[in-house]
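Novice: Take a look at the following structure, please.
The values are calculated or read from the model by the stated rules, or taken from the named source; none is laboratory data. Computed from a predicted model, the values in this text were never measured in an experiment. In this analysis, Cβ positions are derived from the backbone assuming ideal geometry, glycine residues included, and neighbour counts consider all displayed protein chains. Note: areas computed on protein heavy atoms with side chains; ligands, DNA, RNA excluded. Shrake-Rupley method; radii C 1.70, N 1.55, O 1.52, S 1.80 Å.
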Amino acid sequence: MSPSPSATPPPLAPFPLAPFPLALSRLALSRLALFALPAQLAVSAPLPAQRPDSLSPTEFAALSARLSDRGGYFDTDNLISNEQSLLHPLTVLDRRGVRGGVYIGVGPDQNFNYLARVAPRLAIIADVRRDNLLHHLLFKALFTSTSSRVEFLALWLGRPAPAPSARVLAWPVDSLVAWAARTPITPASVDAALRTVRARLTTFGIPLDSQDLATITRFHRAFITDGIGLRFTSTGRAPRPYYPTLGQLLAERDLDGRQGSYLASETAFRVVQSLERRNLIIPVVGDLAGPKVLPAVAALLRQRGDAVSVLYTSNVEDYLIRAGTFATFVRHVQALPRTPESVIIRSWFGGPGSHPLNVPGYYTTQLVEPMDAFARDVGVARVTRYADLVFRVRDN
């Protein structure tokens, strides 16, 4: 339950906690050996499947550090997605039977919608900004401090949570959003939310300095201030009229007209919450075309005897094409272990009617491409415009 205005932070969730760094036990050392990267990635042979169903905070922090590269700059906090069509791929994932495996994604909480549907064994969220790692630690604190969707949303938006009941737990997502819209913050509820998150952040194993903690608090306060009406913003640019609000994103629908966000049901929420509590959503800093992140992930997957299920790139490939590094990204993707069901999800911001797969009423279009088709396309590394890339996909 979310803390009441006068409550102290709730007790920590019952998963093993340990400070970082610390002396590792023999068991911890043997588990961490799973994540040691070979000196020559290209010649590393797959090992028998070793797939821990949970990681300690020490292992979680070590894996995040091991997969991370140098950070970079982007001109926005990316607090929420600006892709209103972000749930449309859920229908395609269902039809293609995409389940399990290892999920790789970029950006903030839009990833949780895909995680809730695919239920991967491990998720890696890579972003060029270290702030995205800090953003995901905020979400981790929210998931691991609450027990239901309404408690999660109350803590996220700094609202006093309603009394728990079977009726509240059964609320459809529209009722959940409406509750958040009509419930005002109070000084006590804001203070309790900030204190709860701050206390939880110290338990994750990733070292955070005062600037990191201030950044996380700044992000949290933005959600508290704007609530369900928060929109994506970029530095120096006002929100575009087609950018959806947080409430709209949570209530969005898939191609079959079903509300399917990670807060649309307690079942979906608990899939993501379980991954967070077991330390299996790993935030990573790095460039998808850089020398470390995806090669390191490929090595990890070979060691696990595992494969990518979903690679969600949003529109990052557009920036890689413009930076002249897209061909390197293609080589990295070709080296990722995959199955016939593995897919890439990308976003197109061309406007209504700008792509054959655009859904009327939506500015953005989500495209789902089999990873095999992308990896085997001998000409894809030579594309010079993002439009050339996205118009290769005309059927989800």
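Novice: Just to be sure I understand: of the beta bridges DSSP finds with both ends in segment 309-396, what percent are antiparallel, rounded to 5?
Specialist: 60 percent
Novice: Between R338 and residues 5 or more places away or on another chain, which pairs have amide H atoms under 5 Å apart, with H built 1.01 Å from N, and which residues are they?
Specialist: Here the answer is V308, since their amide H atoms fall under 5 Å of that of R338.
Novice: Turning to a different aspect of this structure: Tell me, what is the FRET efficiency for R182 and R382 to the nearest 0.05, using R0 = 56 angstrom and their Cβ-Cβ distance as r?
Specialist: With a Förster radius of 56 Å, E is 0.55.
Novice: Over the Cα atoms of segment 49-198, each weighted equally, I'd like the Debye log10 I(q)/I(0) at q = 0.08, 0.18 Å⁻¹, rounded to two decimals.
Specialist: With one equal scatterer per Cα and no solvent, log10 I(q)/I(0) is -0.28, -1.36.
Novice: Please give me, ordered by residue number, the trypsin sites (Lys or Arg not before Pro) of segment 169-278 that lie in loop per DSSP and have at most 13 other Cβ atoms within 10 Å.
Specialist: Here the sparse-neighbourhood loop sites are R258.
Novice: Could you pull out every residue, at least 5 positions away or on a different chain, whose amide H is within less than 5 Å of the one on V343? Hs are placed 1.01 Å off N in the peptide plane, and Pro or chain starts have none.
Specialist: Answer set, sorted by chain and number: V310, L311, M371.
Novice: Next question. Ignoring ligands, DNA and RNA, what percent of the accessible area of segment 175-288 is carbon or sulfur (1.4 Å)?
Specialist: For segment 175-288, the apolar C and S fraction of the accessible surface comes to 52 percent.
Novice: Return the tail of the calculated pair distribution for segment 277-396, meaning the percent of Cα-Cα pairs more than 26 Å apart.
Specialist: 22 percent
Novice: Need the C-alpha centroid separation for segment 150-223 versus segment 244-279, integer Å.
Specialist: 16 Å
Novice: To continue, here is another question. Per residue, how large is the accessible surface of segment 133-175? Use a 1.4 angstrom probe and give square angstrom.
Specialist: Computed with neighbouring chains in place, this is 25 Å² per residue.
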